[in-house]
Amino acid sequence: QVQLVESGGGLVQAGGSLRLSCAASGSIDSISTMAWYRQAPGKQRDLVAAMPITFGGGTAYADSVRGRFIISRDNAKNTLYLQMNSLKPDDTAVYYCGAARAPVRAVATGGGVDYWGQGTQVTVSS
């Protein structure tokens, strides 16, 4: 089992920045990919960004966040980050951290996530 705990969500004005963190614990050596997803009210949960941990291809970003968001990790701390810049009201959603045994290529093309965090709310005001 892998446990994921997100933090860093909150309220921010449009144009501002926010940094989300996801602390992983448990059998993390089984994980190849970590990713951020988001789910806005009335919408499905969509991939925001994904990156390899030990195996897989390069990072993947949703077109809606490319150039504004940066996914990164600190393997020594078993922590995944999402730096969100130039935030827009459309970025408002619950953001979830996900971990997958599959490589980035599989996750980016719709592959399943094996473990989920509880989610953290991000609200961007105009």
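Once every DSSP H run of n ≥ 4 in the chain is given -39500 (n - 2.57) and the sum is divided by its residues, what mean residue ellipticity at 222 nm do you get, rounded to the nearest 500 deg cm²/dmol? Write out the running numbers ahead of the final one.
Values: 1 runs with 5 residues, N = 126.
Theoretical 222 nm ellipticity from helices: -1000 deg cm²/dmol.
Take the chain with all the other protein chains still there, run a 1.4 Å probe, and you get 50 Å² of accessible area per residue. Projected over every direction and averaged, the convex hull enclosing the alpha-carbon atoms of the chain yields 6.8 nm².
When the expected Rg is taken as 2.2 N^0.38 Å, what fraction or multiple of it is the alpha-carbon Rg of the stretch 1-40? Before the final figure, lay out each step's value.
Values: Rg = 13.1 Å, N = 40, 2.2 N^0.38 = 8.9 Å.
That works out to 1.47 for the stretch 1-40.
When the chain is treated as a GNM, springs tying every alpha-carbon pair under 10 Å, which of Thr59, Thr33, Thr109 comes out with the largest mean-square fluctuation? Highest fluctuation of the listed residues: Thr109. Cα centroids of the stretch 56-126 and the stretch 1-35: 8 Å apart. Counting Lys +1, Arg +1, Asp -1, Glu -1, what net charge surrounds Val94 among other residues with beta carbon under 15 Å of its beta carbon? Within the 15 Å Cβ shell, the charges total -1.
Round to a whole number: what % of the accessible area of the chain belongs to carbon and sulfur, probe 1.4 Å? Can you show the working numbers first?
Details: 3070 of 6280 Å².
Carbon plus sulfur share of accessible area: 49 percent.
Relative contact order of the chain, taken over Cα pairs closer than 8 Å and 6 or more residues apart, is 36 percent.
Note on the stretch 50-102: Cα-only Rg and Dmax are 12.1, 34 Å.
The values are calculated or read from the model by the stated rules, or taken from the named source; none is laboratory data. Bear in mind the structure is a predicted one, so any value in this text is a computation, not a measurement. Every residue, glycine among them, receives a Cβ derived from its backbone with ideal geometry; neighbour counts consider all protein chains shown. These area figures cover heavy atoms from the full protein model, side chains too; ligands, DNA and RNA do not enter into them. Shrake-Rupley method; radii C 1.70, N 1.55, O 1.52, S 1.80 Å.
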